[in-house]
Amino acid sequence: MGFETNRRDFLHGAMATGALLALARSARAFSPKRYFAPVKVSRDRVIREVVGLRPYRPDGFRVEAERIGEKLLVHNYGHGGAGITLSWGTASLAVDLMSEPPASAGGPRTRRRSPLRRFAVLGCGVNGLSTARLLQRRYSPATVTIYAKDLPPDTTSNIAGGFWSPTSVYEPGIASTKFVEQFRLACRISNRAFQTLAGPEYGVRWMETYELYRNEALATRELPGGNDLYPQSDIHREPDDYFGFPFVRHYSTMLIEPPTYLNALLRDFYVAGGKLVVKEFRSGEEIKRLPEQVIFNCTGLGARALFGDQKLEPVRGQLEVLLPQPEIDYCYLGSGYMFPRRDGIILGGTFDHGD
């Protein structure tokens with residue numbers, strides 16, 4: 001009875017305090033209108049300009065295993081505009097292939113006879129690092145060695161936008177139904193993995209996002225990977241309050257800071273006993289001479305020359321980076337995009353095939 005009395009007193013006191021606070025705060029703080037701090041865009045605020053080439057395959061990323069001589073080669077590349085977004089998902093799919101019998105180059109599928117504990121990973125971008133970390137987790141105390149020409153901060157992943165959204169991954173009319181199922185599974189695995197990394201240590205945070213449309217049908221279509229991956233979703237039809245557009249899709253997703261995130265992954269890889277060899281491969285024959293019997297190919301665009309994948313093409317993306325604005329607490333996407341990262345305001349969204 002004493003607990004109930006104290007509880008009632010507490011609730012009454014809390015309500016009274018809340019009423020006083022409500023009166024004391026400004027009217028704008030309790031206005032239903034969302035306040036958008038303006039992005040300051042001018043040439044003299046540009047701090048850097050970067051261009052990167054996305055590894056794009058019209059029929060989607062390649063995650064599959066094959067035999068090259070006595071070695072098992074597992075491919076994990078061709079993520080288009082969603083390398084960071086899909087990294088944990090496709091890494092998981094690739095490592096899962098260890099338990100499946102791969103197709104040999106000229107014969108029937110063969111099964112692994114003994115546990116494999118030494119792995120090579122080609123590439124030190126986000127997909128190479130994610131694959132390496134997943135191998136360390138699943139096969140501890142495995143020996144995982146990354147072989148790469150470029151390391152962070154000099155990888156393509158370092159100049160990505162870092163917005164969690166699996167877009168520009170494949171051509172809907174070309175990709176198979178089987179691939180689309182694989183894609184959706186990778187989206188879900190990766191989304192959950194990034195949620196567990198949210199916080200300043202990995203540079204991952206939730207961010208309100210606004211997509212700007214002139215057409216209502218586009219504003220109501222399914223978001224990439226499935227609507228349930230984007231909480232707090234809504235559609236606004238008040239152009240005076242939302243960027244002057246008649247239809248604005250509002251939802252939350254994650255924003256990843258590539259410099260912070262990749263450095264954290266590389267640190268975790270070293271702490272878990274990983275090895276790194278700086279090396280550029282010029283042919284598949286060099287890869288066959290590696291001491292490891294299991295090799296994961298995460299070379300991105302490099303897979304075209306190394307493994308003859310003619311479906312792989314470069315897609316150019318350019319970013320303009322403005323001085324940071326800590327007060328900007330939203331992203332928007334329209335004909336281009338704006339992401340407010342801690343290292344600067346990111347303006348981008350170009351997608352130039354074959355350039």
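For every residue, the table says whether it meets (1) assigned to a helix (DSSP H, G or I); (2) within 28 Å of GLU320 (Cα to Cα).
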site	(1), (2)
GLY161	no, yes
PRO166	no, yes
TYR170	no, yes
GLY173	no, no
LYS178	yes, no
GLN182	yes, no
ARG192	yes, no
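Just to confirm my filter: which strands (runs of 3 or more DSSP E) fall fully inside region 39-93 and include at least 1 residues that are free of Cβ contacts under 8 Å to residues at least 40 places away in the same chain and either open to solvent by 20 Å² or more (accessible area, probe 1.4 Å) or over 20 Å from ALA160 (Cα atoms) (or both)?
Ranges flagged: 62-68.
Pairs meeting the criteria (first residue in region 240-251 and more than 18 Å from ALA37 (Cβ to Cβ) and among the basic types (Lys, Arg), second residue open to solvent by 50 Å² or more (accessible area, probe 1.4 Å) and outside any strand (DSSP E or B), beta carbons under 7 Å, at least 6 apart or on different chains) are lacking. Residues in region 253-281 that are small (Gly, Ala, Ser) and buried (at least 16 other Cβ atoms within 10 Å of the Cβ): ALA264, ALA272, GLY274.
Tell me which residues, restricted to region 334-351, are more than 20 Å from GLY203 (Cβ to Cβ) and either under 20 Å from the mean Cα position of the chain (by Cα) or open to solvent by less than 50 Å² (accessible area, probe 1.4 Å) (or both). Of everything in region 334-351, those that are more than 20 Å from GLY203 (Cβ to Cβ) and either under 20 Å from the mean Cα position of the chain (by Cα) or open to solvent by less than 50 Å² (accessible area, probe 1.4 Å) (or both) turn out to be GLY334, GLY336, GLY349, THR350, PHE351. Report yes if GLY273 is modelled with pLDDT of 95 or more, within 23 Å of LEU134 (Cβ to Cβ) and not hydrophobic (A, V, I, L, M, F, W, C), otherwise no. In short, yes.
Picking from residues in region 117-133 that are open to solvent by 20 Å² or more (accessible area, probe 1.4 Å) and out of contact with any Ser or Thr (no Cβ under 6 Å at 6 or more places or on another chain), the one that is nearest to LEU223 (Cα to Cα) is ARG133. Listed conditions (1) of a type in the set (Ser, Thr, Tyr); (2) at pLDDT 95 or above; (3) out of contact with any helix residue (DSSP H, G or I) (no Cβ under 8 Å at 6 or more places or on another chain); (4) open to solvent by 20 Å² or more (accessible area, probe 1.4 Å) are all met by TYR170, apart from (3). Against the criterion of being buried (at least 19 other Cβ atoms within 10 Å of the Cβ) and within 19 Å of ASP154 (Cα to Cα), VAL294 does not qualify. Taking the criterion of being surrounded by 13 or more Cβ atoms within 10 Å (Cβ to Cβ) and in a strand (DSSP E or B), the residues of region 197-224 that qualify are VAL204, ARG205, TRP206, MET207, GLU208, THR209, TYR210, GLU211, LEU212, TYR213.
Is at least one residue of region 274-297 more than 23 Å from ARG67 (Cβ to Cβ) and among the hydroxyl-bearing types (Ser, Thr, Tyr)? Within region 274-297, none of the residues are more than 23 Å from ARG67 (Cβ to Cβ) and among the hydroxyl-bearing types (Ser, Thr, Tyr). Within region 225-240, the set of residues being surrounded by 12 or more Cβ atoms within 10 Å (Cβ to Cβ) and touching a Phe, Trp or Tyr at 6+ places or on another chain (Cβ under 9 Å) comprises GLY225, ASN227, LEU229, TYR230, SER233, ILE235, HIS236, ARG237, PRO239.
The values are calculated or read from the model by the stated rules, or taken from the named source; none is laboratory data. The structure displayed is predicted, hence computed values, not measured ones. Positions of Cβ are generated from backbone atoms using ideal geometry, with glycine treated the same way; all protein chains shown enter the neighbour counts. When the accessible area is computed, the model is the full protein with side chains, heavy atoms only, and any ligands, DNA or RNA have been set aside. Shrake-Rupley method; radii C 1.70, N 1.55, O 1.52, S 1.80 Å.
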